[in-house]
Amino acid sequence: MANWQSYISGVGAFVPEKAFTNFDLEKTLDTSDEWIQQRTGIVKRHWADDDVATSDLAVKASEEAIADAKIDKHDIDCIIFATLSPDHDFPGAGCFLQEKLGLNGIPAFDIRQQCTGYIYGLSMADAFIKTGQYKNILLVGAEIHSKGLDRTPEGRNVSVLFGDGAGATIISSKESGGDNDSHIISHDLHADGAFAKELWIPAPGTANGADRINQTMLDEKLNFGFMNGRTVFMHAVKRMSESLAFTLKSNNCTIDDVDLFLFHQANLRINDKVGEIMGIPAEKVFNTIQDYGNTTAATIPLGMRDAVKAGRLEKGMLVGLAAFGSGFTWGSSLLRY
Ligand SMILES: CC(C)(COP(=O)(O)OP(=O)(O)OC[C@H]1O[C@@H](n2cnc3c(N)ncnc32)[C@H](O)[C@@H]1OP(=O)(O)O)[C@@H](O)C(=O)NCCC(=O)NCCS
């Protein structure tokens, strides 16, 4: 029986055309470019038009990834869609994406691990490929946050942070090759529901009494994200560093062996701290938060596409991924790109 390995055969990304700078936000949010840049590193973010759904962004990113992988779209035999902002409560956004791509019939998973969604999805795709179940998996992370933000001064602590966007990768199978050939190496995944309410959207939901959502909940703004910023920041730094250290150690790798690190993009200061703790030279970390804000499940594949475009990521490079998000969920991956 063949010994299957998975690798990233194509990558694509898409952000809505309209960009909103910190100066644009100053006009309505009682915030300032100085505050946002100093605390987060964000300069601008892209927000979608009203008639655009999350799966529309995913379609564009997927088409670029399919072209990059040089496969026919009908070679895709599974979709994994990571998002916290699906088109509708149900069915999953993967079904809407599948229909728009004309890939009806293949399985479509939605996964809900928020900012760690891409790494969880990558580990699923890797496992499916290794068992020989699928040959080309479309793994997408996409979000439209802009429609779920409290864009009044009251919501400024959360709304300045988030942007809309999509990133897609094709995870393909091949027979095991040499250590320096492209392949996904390993993953480390975690969750701790004790912190579920430190970063969450309470409504709609079945834990809210008789109604999933009602006018009182809307008046209390329970349909917008709540975040305990300091707790999230502290845990993000600790957990991303821990997980990355574990993944490197379990593969007998050091920071020197890794060519590029792609971290989740929640805050430039979080990534700088992780780099400092781990002793990672700044030039080995590729950040995109300046241009896109936090696009949750999309940040890592979006960064991957931009790193390729910028000439910072090439075939054969050893790449470390790490993310942290709501749940809390966190994890890391190591791969030969
Ligand atoms: C959100 C975050 C940038 C806030 O930075 P912070 O240094 O912790 O700031 P605080 O929340 O303590 O707020 C400090 C002050 O800035 C104010 N402030 C909050 N948001 C503001 C904004 N957008 N513009 C201007 N002032 C703001 C607060 O009201 C507070 O004012 P006060 O001192 O008068 O009370 C930071 O906590 C963070 O990045 N946390 C992690 C967020 C994250 O990663 N989320 C996604 C997880 S995947």
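The values are calculated or read from the model by the stated rules, or taken from the named source; none is laboratory data. Quick caveat: nothing in here was measured; it's all calculated off a predicted structure. Quick reminder, even Gly has a Cβ in these numbers, built from the backbone with ideal geometry, and neighbours come from all protein chains shown.
Assorted remarks:
- Checked against the criterion of being buried (at least 20 other Cβ atoms within 10 Å of the Cβ), in contact with a strand residue (DSSP E or B) (Cβ under 8 Å, 6 or more places away or on another chain), not polar (S, T, N, Q) and not assigned by TED's automatic domain parsing to the domain that holds Pro204, the candidates Phe109, Phe81 yield just one match: Phe81.
- Flag for Lys249 being touching a Gly at 6+ places or on another chain (Cβ under 9 Å) and more than 21 Å from Thr299 (Cβ to Cβ): no
- Remark: pairs (first residue in the range 222-238, closer than 10 Å to Ile270 by Cα; second residue within 8 Å of the ligand (Cβ to nearest atom) and aromatic (Phe, Trp, Tyr); Cβ separation under 6 Å; 6+ apart in sequence or on different chains) = Ala236/Phe324.
- For the range 24-53, a residue qualifies if it is among the hydrophobic types (A, V, I, L, M, F, W, C), away from the ligand (no atom under 13 Å from the Cβ) and out of contact with any strand residue (DSSP E or B) (no Cβ under 8 Å at 6 or more places or on another chain), and the qualifying residues are Ala48, Val52, Ala53.
- When the test is whether a residue is among the basic types (Lys, Arg) and over 18 Å from Ala13 (Cα atoms), Lys273 passes it.
- One residue from Lys100, Lys73 being more than 23 Å from Val308 (Cα to Cα) and outside the structural domain of His190 (by TED's automatic domain parsing): Lys100
- Lone qualifier among Phe128, Phe109, Phe96 - being closer than 22 Å to His187 by Cβ, of a type in the set (Phe, Trp, Tyr) and in contact (Cβ under 8 Å) with a residue 40 or more places away in the chain: Phe128
- Subset tally (residues that are assigned to a loop (DSSP other than H, G, I, E, B), in contact (Cβ under 8 Å) with a residue 40 or more places away in the chain and within 16 Å of the ligand (Cβ to nearest atom)) for the range 286-314: 3
The rows are residues; the columns are (1) assigned to a loop (DSSP other than H, G, I, E, B); (2) buried (at least 22 other Cβ atoms within 10 Å of the Cβ); (3) aliphatic (A, V, I, L, M).
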residue: Val11; (1), (2), (3): no, yes, yes
residue: Asp24; (1), (2), (3): no, no, no
residue: Glu34; (1), (2), (3): no, no, no
residue: Gln37; (1), (2), (3): no, no, no
residue: Ala48; (1), (2), (3): yes, yes, yes
residue: Ile71; (1), (2), (3): yes, no, yes
residue: His88; (1), (2), (3): yes, no, no
residue: Pro91; (1), (2), (3): yes, no, no
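- Among residues of the range 320-333 being more than 17 Å from Ala168 (Cβ to Cβ) and either without any contact (Cβ under 8 Å) to a residue 40 or more places away in the chain or not hydroxyl-bearing (Ser, Thr, Tyr) (or both), the one that is nearest to the ligand (Cβ to nearest atom) is Gly325.
- Candidate set: the range 260-285, residues that are more than 21 Å from the chain's Cα centre (by Cα) and outside any helix (DSSP H, G or I); chosen: the one nearest to the ligand (Cβ to nearest atom): Ile280
- Strands (runs of 3 or more DSSP E) wholly inside the range 136-255 that include at least 2 residues being buried (at least 19 other Cβ atoms within 10 Å of the Cβ), within 16 Å of the ligand (Cβ to nearest atom) and not polar (S, T, N, Q): 136-143, 165-175
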